[in-house]
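Have a look at this one before I ask anything.
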Amino acid sequence: MKKNIAEIIGISNEIYDKGLVSGKSGNISARFKGENGDIIAITPTLKSLSNLHEEDIVLVDMNGNVLTRGVPSSEVNMHIEIYRKRPDVNGIVHTHSPYATGFAHSTKKIRRLEGFGAIKSEYMAEIEYEKPGSDELAKNASEGLGNEDVLILKKHGVVCVADSLKEAELLAIFVEESAKTQFITCMLNSAED
Ligand SMILES: [Zn+2]
């Protein structure tokens with residue numbers, strides 16, 4: 001358990017340092033086996049991912065019951081719904097990383113580039129805007145993911161899932177780099193020679 005929590009803190013720091021989350025935005029979680037079923041360790045609400053301590057990480061069960069002190073991220077229901085629908089997923093990273101979120105606020109889709117696993121579809125999956133923290137967002141995000149590993153939340157941000165939190169982090173980095181590359185390509189194509 002201590003190891004899992006240390007990993008969450010380490011990855012929170014890394015994604016903050018890389019600029020994938022800023023201020024108090026973004027949340028990440030990992031699932032592991034408890035004595036009485038799965039337990040989700042998630043980052044807290046209203047705290048920056050840049051400076052978390054062991055006691056800040058909140059443990060919840062699959063029904064959303066809080067097992068420790070603290071208040072989990074406002075997106076805890078979205079994390080739980082995704083874990084419920086995807087037994088293969090053990091790590092979730094949700095960011096508002098600037099390039100990918102720029103696309104999320106535009107009418108353009110983000111292309112899936114070479115560099116991270118098989119390309120199943122040309123564009124990253126997306127869902128329409130729902131209020132952050134709402135039950136509708138939890139439901140639509142978990143359904144919208146289907147069997148995808150990336151979901152763009154229109155006018156909001158990005159959700160990446162994987163069999164481990166580390167893999168979900170690497171995917172979130174890849175998504176942001178892909179969006180940046182596509183943005184640069186758009187700019188160059190629209191520039192005069
Ligand atoms: Zn968000």
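Please go through region 69-80 and pick out each residue that is among the β-branched types (Val, Ile, Thr) and touching a helix residue (DSSP H, G or I) at 6+ places or on another chain (Cβ under 8 Å).
Within region 69-80, Ile80 is the sole residue that qualifies.
Among the numbered criteria (1) under 20 Å from Ala30 (Cα atoms); (2) touching a strand residue (DSSP E or B) at 6+ places or on another chain (Cβ under 8 Å); (3) not β-branched (Val, Ile, Thr), which single criterion is violated by Lys154?
Here Lys154 clears every test but (1).
If I go through region 72-118 residue by residue, how many of them are closer than 15 Å to Leu170 by Cα, modelled with pLDDT of 95 or more and away from the ligand (no atom under 15 Å from the Cβ)?
Residues in region 72-118 being closer than 15 Å to Leu170 by Cα, modelled with pLDDT of 95 or more and away from the ligand (no atom under 15 Å from the Cβ): 3 in total.
Here's another thing I want to ask about it. What is the residue count in region 16-46 for residues that are in contact with a strand residue (DSSP E or B) (Cβ under 9 Å, 6 or more places away or on another chain) and under 21 Å from Ile80 (Cβ atoms)?
Adding up the residues that qualify gives 21.
Conditions first: (1) of a type outside the set (A, V, I, L, M); (2) more than 22 Å from Ser12 (Cα to Cα); (3) more than 16 Å from the ligand (Cβ to nearest atom). Lys180 passes all but one, so which condition is the exception?
(2)
The values are calculated or read from the model by the stated rules, or taken from the named source; none is laboratory data. In this text, all values refer to a predicted model and were calculated from it rather than measured experimentally. Neighbour counts are summed over all protein chains in view; Cβ atoms, including those assigned to glycine, are modelled from backbone coordinates with ideal geometry.
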